[in-house]
Structure formats: structure tokens, C-alpha cells
1. Can you give the Rg to Rh ratio for segment 58-116, taking only C-alpha atoms and Rh from Kirkwood?
2. Would you order 62, 114 from fewest to most other beta-carbon atoms within 10 Å of each residue's own beta-carbon?
3. Once fully extended, how much extra length lies between residue 168 and residue 33, figured as 0.36 nm per residue of separation less the alpha-carbon to alpha-carbon distance?
4. Using the number of other C-beta atoms within 10 angstrom as an exposure proxy, rank 88, 163 with the fewest first.
5. At a Förster distance of 35 Å, what's the computed FRET efficiency of residue 147 paired with residue 13, Cβ-Cβ distance as r, to 0.05?
6. Estimate the FRET efficiency between residue 160 and residue 3 by the formula 1/(1 + (r/R0)^6), using the beta-carbon distance for r and 30 Å for R0, to the nearest 0.05.
7. Describe numerically, in nm with one decimal, the distance between label points set 7 Å from Cα along Cα→Cβ at residue 111 and at residue 126.
């Protein structure tokens, strides 16, 4: 399985007791953190088959605390080389290791932000800029699954605020169906009409009228 790193923004700061509840609900692989703007979020590192799968599991566990919910999904700037490979999507972790060590590429790979306990954390912003300018890579700004999850969470929050959650769920269900359905045209079968005795037999000849 793959280990995914992401953050889930919360609507408020959980209390110490609520943080314990989150931990007991299964969020022992997430940590509560804050940003300079006063926002609070969970920094998560979870294993799973897909990023959307693990984000969904975190959102479910957040619901174990009353009146606490997610308001957005994102990714932090600090990454390992493995994280960088997953975000890039077109290079392996081994490729990033070779670039970082100078075995491949033009050199000048960004230096780690932090090196501790045999783990090096880099700035994704610096790595992506270097890959674009030095290697000519087409680097996605954000993982598409993170973008989808963030849009879904924000839509759910907006729908809840305006009391339209059931209608939006129905709308999403309809919109998710295929819009183009190949019509199957059944061959037209004409009903076979069995001739009646009158239809199957020749009409009797008209009697000849003698001339006057």
C-alpha cells in the first residue's frame, strides 16, 4: 500500500478531550496543527490503496466529534522524496534520489529544509520550480485527487449552510451518471397477418349481365 500525506482543514480548534476522541476514533496517524492565519488542520500520514480512499476515511473519523467537521483538503509544502514522486506522478522515488544526489540532472537540486532521524524534508515549491526550469518537467500544481476532495468538502459545507444538502446529493447523483447513452434501436418487426379464408381465396367472378 501507499503512504499518503495530506492535510484536512477543520472548522474550529478541537479541545484536548475532543483530540483524545479523535485519536481513539483512529486518527492516531494525524496531528492537530495551526497556521499563522489562525486556521487549524489535521496533518495526516495514512496508508491506503488510493488518496481519495484515505481522505474519506479521515473525514468519517472526524465526525466522531460533535460539531467538528472538515472545511477543506490540501497538501503541505514539506515533502520527502517519496512524497515528491507521488505528487509528480511521472518520476519514481529512485529518480528523485539520483537528482538530489547529483547522479543525474544538471545539479543544484534544492537542499533539504530539515534533516533528522534519517528523514529529509524538502520544499515542494522549490522542487517543482527546479524541475520546471532545469529539467523541463510538466509538474502538476496540486494532486488531482486532493483537488477533487477539496471541492467536494467545500461543496458539502456550502450546501449545509444554505440547507440544501439533500438536494445537492440528489444533483450530484444525477450529474455523476453517464450523459451520453448509446441508444439501442431494436429492428422493426412487422406483424405477420395470416390471410383469412376470404383473403386467401380468389374473389368469385362477377356474373355476366346479358345484353339487352
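What follows draws every value from the coordinates through simple rules; no lab data is involved. Keep in mind that this is a model prediction, so the values were computed, not measured. Cβ atoms come from the backbone with ideal geometry, glycine included; neighbour counts cover every protein chain shown.
1. On the way: Rg = 17.1 Å, Rh = 14.2 Å.
For segment 58-116, the value is 1.20.
2. Working: 62 20, 114 10.
Lowest count first: 114, 62.
3. Details: separation 135, 0.36 × 135 = 48.60 nm, distance 3.11 nm.
45.5 nm is the gain from fully extending residue 168 to residue 33.
4. Working: 88 22, 163 8.
Ascending Cβ contact count within 10 Å gives the list 163, 88.
5. Numbers: r = 26 Å, r/R0 = 0.74.
It comes to 0.85.
6. Numbers: r = 31 Å, r/R0 = 1.04.
After rounding, the FRET efficiency stands at 0.45.
7. 0.8 nm
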